[in-house]
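Working notes, beginning with the structure itself.
Rule-based calculations on the coordinates, nothing more; no lab input. What you see is a predicted model; the values in this text were computed from it and never measured. All Cβ positions, glycine included, derive from the backbone under ideal geometry; neighbour counts span all protein chains shown.
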Amino acid sequence: MLKTTVEQADVKELYAEKFKQEVDFHHKVQFRFEKAFRLGTQMPEKRKTLNLEIIDLLSAFSGYIETDPMTLFYCLYFCIFYHNEEMVDLIRKFIERLPPDHRIMRLLEYIDVHGIEKLSSTSEQINSIVFHMVMYQ
């Protein structure tokens, strides 16, 4: 009985740590994309520096990204939502290192065929709904 309780406590701690890391990553990456969008719109010369913050964050969480490749799907989504074409190629390089995922590849295909600007402008309302689903549910 004691062994089972200890194992359950270890599992709970493991899940709590993983959940904390997941939430931490998603909030930080969303914040960096939003910051790059808002400040990059006001001061285009700072856009590259702001994108470097996103790159640093992706590098810092690379171990987590390898365990949950859908994080790159969210990053691509943020590229569309925040009109950040420059980051797509870098995220594509991360994607190429991981086993293929049909959802990620399909989103990349949409971006390649239609472009960020068109996807952003024609689906602004849908993006808002999906954004709230991703971030707040």
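Under the simplified labelling scheme, the Ser59-His83 pair shows an inter-label distance of 2.8 nm, with each label point 7 Å from Cα along Cα→Cβ. With both labels modelled 7 Å from their Cα along Cα-to-Cβ, the Leu52 to Asp10 distance reads 4.3 nm.
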